[in-house]
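Enquirer: Before anything else, here's the structure in question.
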Amino acid sequence: MLESFLRTWLGSWPSPGGLVVVGHAAREKPRWDGGEQLAIGVTDAAGNGVLSVPPGRVDAVSELVATAGAEALAGRLPALLDRPGHRFFTGVFRWSDAPTGLPDAGAWEPSDGPGLPDWLRPFPGEVLVARDEDGSYLAGVGLKPHDPTGVEISVGTEERARGRGLARRLVARAARRIVAGGAVALYLHDPANVASAHVADAAGFPDLGWKIHALAGTA
């Protein structure tokens, strides 16, 4: 399932060796939230992978990788894609097709429902929300449907509710829904975010040394 998703999302998978730059028409179309995603890539633990860019930029980006190495992407890719104010970052790429059986937490609610934080509202359909006894928001999960075969989980917990294990239970429950729907569950995070790494480990998303690479705005 993962390979099928990556072929659709990136335009090609796997890599025959090293970082391969491919052109994919999807990079010129809006992503799940209507924003742009001009560059997205995945590499495995050996550093082999695919970087997906707009078809018209393949030659320039391929030349950069061939002459200066993949490490030059962070400094030079934004300008090559006419987004000099953006940044190219690398994070941890995790996935699961067997999330843990942690007890359920929260309830599924419409993302346009009452009492939700602004960050949850752009997610389509339902979000998974944990509330206090008085109905106040404690933690939530939104789902990014990159493709019918690959859905990314985003989680956030209010400071007053941290340390209760809510995030890992919400993530595991959301992952079980994704897998039951025939897709692979994805979990991406900053390498420095130790708390997020602990949540992923507990919910059944092992760190296998894979990386996500993406161009994003700085706002």
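Enquirer: With every protein chain left in place, what is the accessible area per residue of region 26-124 in square angstrom, probe 1.4 Å?
Expert: Working: 4940 Å² over 99 residues.
Solvent-accessible surface per residue comes out at 50 Å².
Enquirer: Using label points projected 7 Å from each Cα along Cα→Cβ, tell me how many nm separate residue 3 and residue 104, to one decimal.
Expert: 3.5
Enquirer: Tell me, what is the 1.4 Å probe accessible area of residue 108, in Å² to the nearest 10?
Expert: 50
Enquirer: If you compute volume of the Cα convex hull per residue in Å³ for the structure shown, which of (i) 120; (ii) 141; (iii) 173 do you land on?
Expert: Working out volume of the Cα convex hull per residue in Å³ from the coordinates points to (i).
Enquirer: Ignoring ligands, DNA and RNA, what percent of the accessible area of the chain is carbon or sulfur (1.4 Å)?
Expert: Working: 5290 of 10270 Å².
In the chain, the share of accessible area belonging to carbon and sulfur is 52 percent.
Enquirer: Would you mind calculating the gained length between residue 119 and residue 194 on full extension (0.36 nm times residue separation, minus the Cα-Cα distance), in nm to one decimal?
Expert: Gain in length upon complete extension: 24.9 nm.
Enquirer: Here is a further query. For residue 32 and residue 44, calculate 0.36 nm times their separation in residues minus their Cα-Cα distance, and state this gained length in nm to one decimal. Show your work: numbers first, answer last.
Expert: Working: separation 12, 0.36 × 12 = 4.32 nm, distance 2.41 nm.
Difference between extended and current length: 1.9 nm.
Enquirer: Moving on. For residue 136 and residue 67, what does the FRET efficiency come to when R0 = 35 Å and r is the distance between their Cβ atoms, rounded to the nearest 0.05? Mind showing how you got there, number by number?
Expert: Working: r = 55 Å, r/R0 = 1.57.
Computed FRET efficiency for residue 136 and residue 67: 0.05.
Enquirer: Might you report the magnitude of the Cβ-based charge dipole of the chain about its Cα centre, with Lys and Arg at +1 and Asp and Glu at -1, to the nearest 20 debye?
Expert: For the chain, the charge dipole is close to 160 debye.
Enquirer: Give the relative contact order (percent, whole number) for the chain; include only Cα pairs under 8 Å separated by 6+ residues. The partial results should precede the final answer.
Expert: On the way: 444 pairs, mean separation 55.2, N = 219.
Across the chain, relative contact order equals 25 percent.
Enquirer: Same structure, new question: Sketch the reach of a paramagnetic label on residue 82 as a point 7 Å from Cα along Cα-to-Cβ, and name the residues of region 28-47 whose backbone nitrogen lies under 19 Å away.
Expert: Residues 28-31, 35-40 qualify, since their backbone N sits under 19 Å from the label point.
Enquirer: Among 96-102, 12-18, 35-41, how do they line up from the highest to the lowest mean number of other beta-carbon atoms within 10 Å? The partial results should precede the final answer.
Expert: Working: 96-102: 16.1, 12-18: 14.3, 35-41: 19.9.
Final packing ranking: 35-41, 96-102, 12-18.
Enquirer: What figure in square angstrom, to the nearest 10, would you give for the accessible area of residue 136 with a 1.4 Å probe?
Expert: Result for residue 136: roughly 30 Å² accessible.
Enquirer: Starting from a Cα-only point model with no solvent, please compute log10 I(q)/I(0) by Debye for region 25-126 at q = 0.12, 0.13, 0.17, 0.20 1/Å.
Expert: The Debye formula, applied to the Cα set alone, gives -0.61, -0.69, -0.95, -1.10.
Enquirer: Another one. Between residue 180 and residue 59, with labels modelled 7 Å along Cα→Cβ, what's the label distance in nm to one decimal, could you check?
Expert: 5.1
The values are calculated or read from the model by the stated rules, or taken from the named source; none is laboratory data. Note that this is a predicted model, so its numbers are computed, not measured. All Cβ positions, glycine included, derive from the backbone under ideal geometry; neighbour counts span all protein chains shown. We work out accessible area using only protein heavy atoms, side chains counted, and drop any ligands, DNA or RNA first. Shrake-Rupley method; radii C 1.70, N 1.55, O 1.52, S 1.80 Å.
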